[in-house]
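Enquirer: Right, I'll just put the structure down here and ask away after.
FYI, it's all coordinate maths here, none of it is from the lab. Remember, it's a predicted structure, so these values are computed and weren't measured experimentally. Note that each Cβ is placed from the backbone with ideal geometry, even for glycine, and that neighbours are counted across all protein chains shown.
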Amino acid sequence: MPFDIQLLPKIDAKSLRESGKQYYVDAQGNRLPSVTTILNATKPQADRDRLLNWKARVGTEEASRITTAASRRGTKTHKQIERYLLGENPVCSEASLPYWESIKPVLEKINTIRLVEGSVFHYDLKYSGKVDCIASYQGIPCVCEWKTADKPKGSIERLYEYPLQLAAYIGAANKYYGDFGIEINHALLVVAIPEMVAEVFWLESDTIKSYWQQWEARVSEYWQRQKYWSS
């Protein structure tokens, strides 16, 4: 199915890694921390403990293998989705094909593509990030996030900080692209799972507002910590 593609102008930005943290730098040289950098720096202790317990349970070597494999399959799946949404033919490796087959039926409900793999900046709150997609899902404008997993998440609680990530991207997209008529209040998070139809999580505007408030608090905490460490 050919998509209605109405691409917004992309921000000229590059990704920068420094001391294990990710930043995006715009064409004017403004360097802002990424959403994931802020989330990692302000992660609640309970979430840190959960990650440490998992590593202790499976072993450091196995944890590293799982994390690396997940990152690679995610990158490959994102590339296939990007090609598909821009009207090109996706090229699937044998390893990534099950994830592509899982997510493709959901992608067929996407239309009015505005941005694919594009950087966003929120200069007031001082953060940046890369959005998987801005489009319409079943006719409603939204920010889309594509994930891969070996088994279903089951509930929004099991998504951990992904909804915060989406709220952050929505805030930055609305701020930066407001003059282009962009006003997004919904989010779509899709989890591709082998041999299953992808899990779909649709976040309504009230849910996004709640996560946005949490995100604002995390950003504030991040910059307070930066001020403390640099003083």
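Enquirer: How compact and how long is the range 102-231, expressed as Rg and Dmax of its alpha-carbon atoms in Å?
Expert: In Å, with Rg to one decimal and Dmax whole: 15.5, 53.
Enquirer: Within the chain, which cysteines find no other Cys whose Cβ is under 4.7 angstrom from their own?
Expert: For the chain, the answer is CYS92, CYS142, because their Cβ atoms have no other cysteine Cβ under 4.7 Å.
Enquirer: Among PHE201, PHE180, PHE3, what is the fewest-to-most ranking by other Cβ atoms within 10 Å? All intermediate terms of the calculation are to be shown ahead of the outcome.
Expert: On the way: PHE201 20, PHE180 12, PHE3 16.
Going from sparsest to densest Cβ surroundings: PHE180, PHE3, PHE201.
Enquirer: If Lys and Arg each add +1 and Asp and Glu each add -1, what is the summed charge of the other residues whose beta carbon sits under 13 Å from the beta carbon of PRO163? Walk me through the numbers before you get to the answer.
Expert: On the way: positive: LYS147, LYS153, ARG158, LYS209, ARG218; negative: GLU145, GLU157, GLU161, GLU204, ASP206.
Every neighbour counted, the sum reads 0.
Enquirer: What nm value, rounded to one decimal, do you get for the distance between GLU108 and GLU18 when each label is placed 7 Å out toward the C-beta?
Expert: Distance between the two pseudo-spin positions: 4.7 nm.
Enquirer: Taking the range 34-98, how much of its Cα-Cα pair set, in percent, is spaced more than 18 angstrom apart? Mind dumping the intermediate values first?
Expert: Details: 1225 of 2080 pairs.
When all Cα pairs of the range 34-98 are counted, 59 percent exceed 18 Å.
Enquirer: A follow-up question, please. Take THR67 and GLU117, extend 7 Å from each Cα along the Cα→Cβ direction, and tell me the distance between the two endpoints in nm.
Expert: 2.4 nm
Enquirer: Here's something else I'd like to know. Given the rule -39500 (n - 2.57) for each run of at least 4 DSSP H residues, summed and divided by the residues of the chain, what is its mean residue ellipticity at 222 nm, to the nearest 500 deg cm²/dmol?
Expert: -14500 deg cm²/dmol
Enquirer: Here is a further query. Within a 10 angstrom radius of the beta carbon, how do SER155, SER71, SER34 rank from fewest other beta carbons to most?
Expert: Working: SER155 8, SER71 11, SER34 22.
By the 10 Å Cβ count, ascending: SER155, SER71, SER34.
Enquirer: Same structure, new question: Simple spin-label model, 7 Å along Cα-to-Cβ: VAL58 to LEU86 in nm?
Expert: Those two pseudo-labels are separated by 3.2 nm.
Enquirer: Moving on. In nm, what is the difference between 0.36 nm times the number of residues separating ASP49 and GLN6 and their Cα-Cα distance? All intermediate terms of the calculation are to be shown ahead of the outcome.
Expert: Values: separation 43, 0.36 × 43 = 15.48 nm, distance 4.38 nm.
Extra length available between ASP49 and GLN6 comes to 11.1 nm.
Enquirer: Let me ask something else about it. How large is log10 I(q)/I(0) at q = 0.10 Å⁻¹ when the Debye formula is applied to the Cα atoms of the range 13-230, each weighted equally and without solvent?
Expert: After summing over all Cα pairs, the log10 values are -0.46.
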